[in-house]
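This report refers to the structure that appears directly beneath it.
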Amino acid sequence: YAEFARVLKPGGQLLQVDAGPDHLRELREIIYPSLKPERTAEMHTPAGFSRLPTETVRFSIELTNTGQIADLLAMTPHLYRAKAEGRAEAAALTALLLSVDVRLTCFERNRD
């Protein structure tokens, strides 16, 4: 976070977006034989910043063709983590309803 502190003026804000436990769950259930249990990550506040309230945002999206599903998979690390069988199962889908689950954490650079 040192680089953020360097470029943000005092009072400037940084928005950090982290995947929640249900983020893309439906896709992960298809491409992996089993899902890992959720890790409870302890949120730390970087030096030189104050943490503002955290908000969770959840909603659903529907992908309606194989191209959209392939594009989504390509922009995630799951493309490289999933085995060939899981990627093939995802490639065979013609539609997919997905959960989006993200945690928004805002940090404000301290006023020195």
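Each value in this text was obtained by applying a stated rule to the coordinates, not by laboratory testing. From a predicted model like this one, the values you see are computed outputs, not experimental measurements. For neighbour counting, all protein chains shown are included, and Cβ atoms are generated from backbone atoms with ideal geometry for every residue, glycine included.
Filtered by the rule that a residue be closer than 22 Å to ARG109 by Cβ and either in contact with an Asp or Glu (Cβ under 7 Å, 6 or more places away or on another chain) or acidic (Asp, Glu) (or both), the stretch 13-61 gives GLN13, ASP18, GLU42, PHE49, SER50, LEU52, GLU55. Note on the stretch 47-80: residues that are without any contact (Cβ under 8 Å) to a residue 24 or more places away in the chain and under 29 Å from TYR1 (Cα atoms) amount to 5. For the stretch 57-77, what are the residues that are exposed (fewer than 15 other Cβ atoms within 10 Å of the Cβ) and aliphatic (A, V, I, L, M)? Listed by number, the residues that qualify are VAL57, ILE61, ALA74, MET75.
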